[in-house]
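Some notes on the structure that comes next.
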Amino acid sequence: MKHLLSLFSIVILTYSSCAQPHSTKVLAESTASVNYTTEVVVSGLNTPWGMVFLPDGSMLITEKTGEFYRVVNGEKTVIEGMPEIYVRGQGGLMDLELHPKYNENGWIYISFASPEGEGEGGNTAIMRAKLEGNTLVEQQLLYKASPNSTKGVHFGSRIEFDNDGYLFFSIGERGNRDVNPQDITRDCGKIYRLYDDGRIPEDNPFVNEPNAKKAIYSYGHRNPQGLVIHPETGKLWNNEHGPQGGDEINIIQKGKNYGWPVISYGINYDGTSFTELTEREGMEQPIFFWVPSIAPCGMTFVTSDLYPELKGNLLVSSLKFKYLERLIIEDNKVVKREKLLDDIGRVRNVRQGLDGYIYVGVEGKGIIKIIPQQ
Amino acid sequence: MKLLIIGFLICISIIFTITYTSTFQSDPLKESIVRGKEIYTDFCVTCHLPSGLGTENIYPPLANSDYLKNNREGSIKGIKFGQQGELVVNGKTYNNVMAPLGLSNAEIADVMNYITNSWGNKNDEMITVEEVSKLKK
């Protein structure tokens, strides 16, 4: 399926500007139209959660329902030997990431909801493994959040490496809002940092705190499902789902508290309020928040020369409004928002391939490649 | 002696009350709806909202939904196996994806009993675990 798109046809967002400098209420403006085509390069996927590109030109894709595929020229092959996966609500088989030195060591990192450990239900786990043919071998469980829970929400589970080779991943608060995120002795509602082999870095922020989960890097998060290293600054950026309103973009700093649920720009789904506070000393402000929520998941900075107009921009998937959001950022402030691929479907993930093209994971459709038109 | 009689009467009345409550007031449908509301709040509310109204053009409403009323089996299957593609609800066409939720058959029955008896919806014919478990893809 190919269809002509006008990526820069803008839907003006219907709210006005706000006084706060980090406000998300940026009014989108129209720009000159530039045409792109899209091509479905992998079809027949329900919830393509994770996606990585191997040096041999093939692609690895996870489906939330538990299938793990290697894709060569659009042909899917199932990878065997998966661990037991707890498929429930928002949880299942989730993200994929390659070791920065994948070419040398072959390590693939996988996040998934796991029933391992005590208690009914499941919680987010991070493992690494290698591919031998189409079988997953040398599986090593690097982290498993506890306790298990039968709740269906907020597994987080995005994986990212920074430029120094540290492994970062997110785990959402698992529907235990008032207990997990502000307590560093508990898992969930956190972003974690490990060495690539699962050891805890000696200079992690809470290694000397009694009873703290030593892998925690930052806390006070709700459900972060986007994690990406800024291509120029090397800093870790996240996005996270807010409740009704209040989805956020944050720059993640070591040991910092991002405030959930003490401060928030969102409200409960029933319209009631759970906090009057949007800021408090000792809690970080987002650089941007969305009202209404777009339900952000995967995100990526564009570095490819194939898209001169998009270069340096941040692309964020929107599950709710079924488009890819382009954010133009200057001095860590969002100055412009645009809708790309409008009405394409629930956008789960977006990544730039090794070939410089942007690939978008769309629920019920598959993987879509954005092809610039000269 | 008087105290003994009073004590006896109190015991009898307590036993009677407990027996009466469990025999005559236990209502499987009501209990299922209560459990179903919890499931709804965890799994469904982010899209379909506490009001059951959904979001216009994105997530179809459950409140006063003709689809839910007229497609009991299809609705159960949607929750059990996931839902994808075009769906006409109250005259409007929705085209979206709902992933399978990983709920047990009992949980699916509970949440169906909740949504078919909320926001103006009414369903006297209780959805049972057996009914859910019989449905195949």
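Just to verify a result, which residue in segment B:77-113, among those that are more than 22 Å from residue A:66 (Cβ to Cβ) and more than 14 Å from chain A (Cβ to nearest Cβ), is surrounded by the fewest Cβ atoms within 10 Å (Cβ to Cβ)?
Step by step, filter segment B:77-113, then rank; the result is B:91.
Name the helices (runs of 4 or more DSSP H) wholly inside segment B:36-100 in which the number of residues that are in contact (Cβ under 8 Å) with a residue 12 or more places away in the chain, in contact with a strand residue (DSSP E or B) (Cβ under 6 Å, 6 or more places away or on another chain) and over 21 Å from residue A:344 (Cβ atoms) is 3 or more.
Where helices (runs of 4 or more DSSP H) fall fully within segment B:36-100, none carries at least 3 residues being in contact (Cβ under 8 Å) with a residue 12 or more places away in the chain, in contact with a strand residue (DSSP E or B) (Cβ under 6 Å, 6 or more places away or on another chain) and over 21 Å from residue A:344 (Cβ atoms).
From A:185, A:135, A:150, grab the single residue that is under 19 Å from residue A:58 (Cα atoms) and among the polar types (S, T, N, Q).
Numbers: A:185 fails: under 19 Å from residue A:58 (Cα atoms); A:150 fails: under 19 Å from residue A:58 (Cα atoms).
Every option except A:135 fails the conditions.
For residue A:205, indicate whether it is under 19 Å from the mean Cα position of the chain (by Cα) and under 23 Å from residue A:285 (Cβ atoms). Explain how you work it out, then say what you get.
Values: under 19 Å from the mean Cα position of the chain (by Cα): no; under 23 Å from residue A:285 (Cβ atoms): yes.
When the stated conditions are applied, residue A:205 does not pass them.
If you scan segment A:313-330, which residues turn out to be more than 18 Å from the chain's Cα centre (by Cα) and under 14 Å from residue A:237 (Cα atoms)?
Initial filter on segment A:313-330 (more than 18 Å from the chain's Cα centre (by Cα)): A:328-330.
Once the filter is applied, which keeps residues that are more than 18 Å from the chain's Cα centre (by Cα) and under 14 Å from residue A:237 (Cα atoms), segment A:313-330 yields only A:329.
Hey, can you tell me all the residues within segment A:56-91 that are within 14 Å of chain B (Cβ to nearest Cβ) and either of a type in the set (A, V, I, L, M) or at negative phi (or both)? It would help to see each step written out before you state the result.
The first filter runs over segment A:56-91 and keeps only residues within 14 Å of chain B (Cβ to nearest Cβ), leaving A:62-67, A:84-91.
Those that are within 14 Å of chain B (Cβ to nearest Cβ) and either of a type in the set (A, V, I, L, M) or at negative phi (or both): A:62, A:63, A:64, A:65, A:67, A:84, A:85, A:86, A:87, A:88, A:90, A:91.
When you scan segment A:107-124, do you find a residue that is over 18 Å from the mean Cα position of the chain (by Cα), under 13 Å from residue A:198 (Cβ atoms) and modelled with pLDDT of 95 or more, even just one? Spell out the reasoning first.
Applying the first criterion (over 18 Å from the mean Cα position of the chain (by Cα)) to segment A:107-124 yields A:107, A:114-122.
Still in the list and also under 13 Å from residue A:198 (Cβ atoms): A:107.
Add one more test, that the residue is modelled with pLDDT of 95 or more, and what stays is A:107.
For segment A:107-124, residues over 18 Å from the mean Cα position of the chain (by Cα), under 13 Å from residue A:198 (Cβ atoms) and modelled with pLDDT of 95 or more: present.
Name every residue in segment A:157-216 that is under 27 Å from residue A:274 (Cβ atoms), assigned to a loop (DSSP other than H, G, I, E, B) and touching a His at 6+ places or on another chain (Cβ under 8 Å), in order of residue number.
Result: A:172, A:173, A:174, A:175, A:181, A:188, A:189.
Among the residues that make up segment A:269-276, is at least one of them at pLDDT below 95 and closer than 21 Å to residue A:318 by Cβ?
yes
Against the conditions (1) without any contact (Cβ under 8 Å) to a residue 60 or more places away in the chain; (2) touching a helix residue (DSSP H, G or I) at 6+ places or on another chain (Cβ under 9 Å), where does residue A:151 fall short? Just the number, please.
(1)
Can you tell me which residue within segment A:250-272, out of those that are within 14 Å of chain B (Cβ to nearest Cβ) and of a type outside the set (Asp, Glu), is farthest from residue B:41 (Cα to Cα)? Lay out the reasoning, then the answer.
Initially, segment A:250-272 is screened for residues within 14 Å of chain B (Cβ to nearest Cβ), giving A:266-272.
From the residues that got through so far, the ones that are of a type outside the set (Asp, Glu) too are A:266-269, A:271-272.
Numbers: A:266: 17, A:267: 15, A:268: 11, A:269: 10, A:271: 14, A:272: 14 Å.
My answer is A:266.
Here are the criteria: (1) of a type in the set (Phe, Trp, Tyr); (2) closer than 20 Å to residue A:227 by Cα; (3) modelled with pLDDT of 95 or more. Tell me which single one residue A:323 does not satisfy.
Among (1) of a type in the set (Phe, Trp, Tyr); (2) closer than 20 Å to residue A:227 by Cα; (3) modelled with pLDDT of 95 or more, the lone unmet condition for residue A:323 is (3).
Yes/no per residue for (1) more than 29 Å from residue A:219 (Cα to Cα); (2) hydroxyl-bearing (Ser, Thr, Tyr); (3) within 14 Å of chain B (Cβ to nearest Cβ):
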position: A:275; (1), (2), (3): no, yes, no
position: A:296; (1), (2), (3): no, no, yes
position: A:301; (1), (2), (3): no, no, no
position: A:312; (1), (2), (3): no, no, no
position: A:326; (1), (2), (3): no, no, no
position: A:329; (1), (2), (3): no, no, no
position: A:341; (1), (2), (3): yes, no, no
position: A:345; (1), (2), (3): yes, no, yes
position: A:359; (1), (2), (3): yes, yes, no
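The values are calculated or read from the model by the stated rules, or taken from the named source; none is laboratory data. Model, not experiment: these values are computed from the prediction. Positions of Cβ are generated from backbone atoms using ideal geometry, with glycine treated the same way; all protein chains shown enter the neighbour counts.
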